[in-house]
Amino acid sequence: MRLARICCLDLDTFFVSVERLLDPSLRGRAVIVGGRKGGRGVVTSASYEARAFGVRSGISIRDATRLAPHAVFVEGHMNEYSEYSRRAREIVERYSPIVVAASIDEQYIDFHGCESLYRAPGDADDDATILRVVRAMVRAVEDEAGLPASAGVATSKSLAKVACGLAKPNGVRFVPAGAERATLAPLPVRKLPGIGPVAEQRLHELGILTLAQLAGASDLSLRPIFGAYTASIRRDALGLGGNELGRERPAFREHDPRGSAHGTISNERTFVETNPETTASMLSGLCERVCSRARSRGVRAGTVTLRLRYADFDTITRSKTITPTSVDVEVHRVVLQLYRMARTRPLPVRLVGVALSKLSLEPSQLSLATFDDGERRAKTVDAVRAKFGYDAVHLATTVRTR
DNA sequence: TCTGGGGTCCTAGGACCC
DNA sequence: TCTGGGGTCCTAGGACCC
């Protein structure tokens, strides 16, 4: 028997909320996080007052400036966001032991089996119990961490997220077992997680506008759009998706002492290329950054990828499989090699990026003898940085520009 | 919508091996 | 020298999410 026990909790306009905690004078005003007024970059979070003027996450700061010139523009405080995210999570963990962070402002909570723990005389049934508890949890996040939140509760992870979207702002939406299909049917296809602008466009071309139409479409018509996802997209459109919470996002386990060999470590920078030296220095700095992060996670990279975006936005990647390493100079050597291969057009670049993947765990920290000279040098750099800060040491090829 | 930065996962062709 | 077919790895690109 499926029960509505999966909860998606999302912090409303999270970055804006934190900025308002740091500076209470921002309350009630149009606030846009992402960059200085009129500058480069995109909006990462906009208050509802700013949204009233058409400002959305993802649009350029320039456009946001045009739409809402009266708004307060802030660049953002990433370290504070992580700290507040952690606080919200601690509160949520009091309500269920099964919590998975999907991003800095979104968590999934499994309440299966929690009914008897929370049952109270006034509750009409177990659903009522869970709904009451979720409301209390949302209130606690708001009261104790100062962060307004919304929540959706449903039988599957996908529908819980959709329900959370319907609950915004600052609400709770409960979709009981049996009501899944009716809840999803009238919604535009774009509301379903996994359907982005490209799939939306292609579905529209087929005359498929709602999730009811999507659920009824033939496999043959959906295959070219969703490929391997076809079956799961259809299940989600019917509200029959799975109730597993999935993996914790690795970005939140950077300093996990156990280490995680999963995923990718990447850094990229958009900049104005004034001369070849700026680009060379940028690449060197990115290599240092990703390698430092790899070492802090206790992993080595088996693949190095260079990413390069030209001024016309054409983006290419070049990658190379290597003997696993986390040593800056070794990664840097490969990156320069890839850069020489990739940089073929006579156009300025606007972005460079370095990614490490095919990660493998380092041997035990105790056996220092297993590290080669490069690795021992890198560990010394890490020790110096731990004491004096990241910028205390750099490769000679990384020229400080700030 | 003239477009930041961090990720995940899928596709598809070619190399290489058996 | 030409002929299969399958498996796996590597590489490049792209959709999507927050």
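Since every read-out is calculated from the coordinates, none of them should be taken as a lab result. Everything numeric here is computed off the predicted structure, so don't read it as measured data. Cβ sites come from the backbone with ideal geometry, for glycine too, and all protein chains shown count toward neighbours.
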(message) Using a Cα-Cα cut-off of under 18 Å, which aspartates and glutamates could be cross-linked to residue A:191, ignoring same-chain neighbours fewer than 8 residues away?
(response) A:10, A:12, A:106, A:180, A:200, A:205, A:236
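For chain A, how big is the tail of P(r) above 32 Å, as a whole percent of Cα pairs? Write down the numbers at each step before the final one.
On the way: 39822 of 80601 pairs.
More than 32 Å apart: 49 percent of the Cα pairs in chain A.
Taking the Cα centre of chain A as origin and charging only Cβ (+1 Lys, Arg; -1 Asp, Glu), how large is the dipole, in debye to the nearest 20?
Numbers: 58 positive and 45 negative charges, 206 e Å.
Computed about the Cα centre, the dipole is about 980 debye.
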(message) Starting from the 7 Å offset along Cα-to-Cβ, what nm value, one decimal, do you get for the label separation of residue A:118 and residue A:383?
(response) 5.0
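Figure the gain on full extension for residue A:128 and residue A:204 (residue separation times 0.36 nm, minus the Cα-Cα span) and round it to one decimal in nm.
Values: separation 76, 0.36 × 76 = 27.36 nm, distance 3.86 nm.
Answer, rounded to one decimal: 23.5 nm.
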(message) Using Cβ contacts closer than 10 Å as the measure, can you line up A:305, A:317, A:155, A:344 from fewest to most?
(response) A:344, A:317, A:305, A:155
(request) Could you list, by residue number, the cysteines of chain A that have no other cysteine's beta carbon within less than 4.7 Å of their beta carbon? (result) A:7, A:114, A:287, A:291
(message) What does the charge count around residue A:194 come to, taking other residues whose C-beta lies under 12 Å from its C-beta (Lys +1, Arg +1, Asp -1, Glu -1)?
(response) +4
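How would the stretch A:182-237 be classified by its alpha-carbon gyration tensor: rounded, prolate or oblate, with rounded meaning a/c under 1.5 and the a/b versus b/c comparison settling the rest? Don't skip to the end; give the middle numbers.
On the way: a/c = 1.36, a/b = 1.21, b/c = 1.13.
Judged from the Cα gyration tensor, the stretch A:182-237 comes out rounded (a/c under 1.5).
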(message) Placing unit charges on C-beta atoms (Lys and Arg positive, Asp and Glu negative, everything else neutral), compute the dipole magnitude of the stretch A:131-284 about its Cα centre in debye, rounded to 20.
(response) 660
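Classify the stretch A:1-139 as rounded, prolate or oblate, taking a ≥ b ≥ c as the square roots of the eigenvalues of its Cα gyration tensor: rounded when a/c is under 1.5, otherwise prolate if a/b is larger than b/c and oblate if not. List each step's numbers first, then the result.
Values: a/c = 2.78, a/b = 2.53, b/c = 1.10.
It is prolate, given that a/c is not under 1.5 and a/b is the larger ratio.
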(request) Multiply the residue gap between residue A:53 and residue A:277 by 0.36 nm, knock off their C-alpha separation, and tell me the result in nm, one decimal place. (result) 76.5 nm
(request) Give me the distance in nm between label points sitting 7 Å out from Cα along the Cα-to-Cβ direction at residue A:63 and residue A:86, one decimal. (result) 3.5
(request) Find the Rg to Rh ratio for the stretch A:255-392, where Rh is the Kirkwood radius over alpha-carbon pairs and Rg uses the same atoms. (result) 0.99
(message) Can you compute the charge dipole magnitude of the stretch A:1-149 about its Cα centre, using +1 on each Lys and Arg Cβ and -1 on each Asp and Glu Cβ, nothing else charged? Give it in debye, rounded to the nearest 20.
(response) 680
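With a cut-off of at most 13 other beta carbons within 10 Å, and DSSP calling the residue loop, which GluC sites (Glu not before Pro) in the stretch A:86-138 qualify? Please list them. Provide the component values of the computation, followed by the final result.
On the way: sites: A:90, A:93, A:106, A:115; in loops: A:93.
Those satisfying the criteria are A:93.
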(message) Counting other beta carbons within 10 Å of each residue's own, what order do A:220, A:147, A:211 fall into, fewest first?
(response) A:220, A:147, A:211
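Calculate the translational D of the stretch A:107-156 in whole µm² s⁻¹ from Stokes-Einstein, where the hydrodynamic radius comes from the Kirkwood formula applied to all Cα pairs, the temperature is 10 °C and the viscosity 1.306 mPa s.
Values: Rh = 11.8 Å.
The estimated diffusion coefficient comes to 135 µm²/s.
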(request) Within 10 Å of each residue's Cβ, count the other Cβ atoms and sort A:270, A:65 from fewest upward. (result) A:270, A:65
